[in-house]
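Just below is one structure, and these are the notes that go with it.
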Amino acid sequence: MKKYIVEKLDSDVTEHCDSIIEAYHSDPNKNANEDVVWLQIPQSDLWKDSRDHIYNTVSAHIMQYLKEFEGLVPTLQLQDIGYQINHHQKDVSTESARYDSFSSTQFAFLFGLTLFLNDVDDGGEMTFPDLDVSVVPKKGKVVIYPAAFPILRGHNAPVTNDMYTVSTYIVAQTTHQSAQE
């Protein structure tokens, strides 16, 4: 299963990370739980350039992932579920390991994708405890992992500074509509 967790540094997206963090801080529509402050990226003009760039980055990486692991996923109509910016606060935010698997009558989660928006020198690692895999947060790093398999995933608390990520899930449509005659 380790081979299906892919991490790549994307130098093209690195130049946009700071502007995404700035847009996040200027948007008043954040949500919070005890560990993470988050924002679902809206369909507004403020976010248009960032959203478009994130979409292009995600699409390119997912296409490369599917080529690399051809046959892993049957040919299905894939889509993302939107993008969420996560603000993991220094010495506070930790995400307990959890299973991301989810399905409904309409969609099945296939892959998770995380884009790190900044470097964290100590802490903040994305962890896959069952597989003994740990991903160090680095600005512009994209991590793709299966969400349709029972794989535990979490984040360690960032120690040296706050950590910002963009996350999404890639889903496949599972319902079929019959053609009308």
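The values are calculated or read from the model by the stated rules, or taken from the named source; none is laboratory data. Just so it is clear, the structure is predicted and the values come from calculations on it, not from any experiment. Note: ideal-geometry Cβ built from the backbone for every residue, glycine included; neighbour counts use all protein chains shown.
Can you pull out every residue in the stretch 125-143 that is assigned to a strand (DSSP E or B) and under 15 Å from the mean Cα position of the chain (by Cα)? Correct list: MET126, THR127, PHE128, VAL135, LYS141, VAL142, VAL143. Hey, can you tell me all the residues within the stretch 144-181 that are assigned to a loop (DSSP other than H, G, I, E, B), out of contact with any helix residue (DSSP H, G or I) (no Cβ under 9 Å at 6 or more places or on another chain), surrounded by fewer than 18 Cβ atoms within 10 Å (Cβ to Cβ) and at pLDDT below 85? If the condition is that a residue be assigned to a loop (DSSP other than H, G, I, E, B), out of contact with any helix residue (DSSP H, G or I) (no Cβ under 9 Å at 6 or more places or on another chain), surrounded by fewer than 18 Cβ atoms within 10 Å (Cβ to Cβ) and at pLDDT below 85, then THR174, THR175, HIS176, GLN177, SER178, ALA179, GLN180, GLU181 are the ones that fit. When restricted to residues that are over 23 Å from VAL136 (Cα atoms) and part of a loop (DSSP other than H, G, I, E, B), the stretch 1-33 contains 5. Per the conditions (1) touching a helix residue (DSSP H, G or I) at 6+ places or on another chain (Cβ under 9 Å); (2) modelled with pLDDT under 85, the sole criterion not satisfied by ASN33 is (1). Inspection of the stretch 55-78 finds a residue satisfying the criterion of being at positive phi and assigned to a loop (DSSP other than H, G, I, E, B).
Among the criteria (1) at pLDDT 85 or above; (2) over 28 Å from ILE151 (Cβ atoms); (3) of a type outside the set (D, E, K, R), the one HIS88 does not fulfil is (2).
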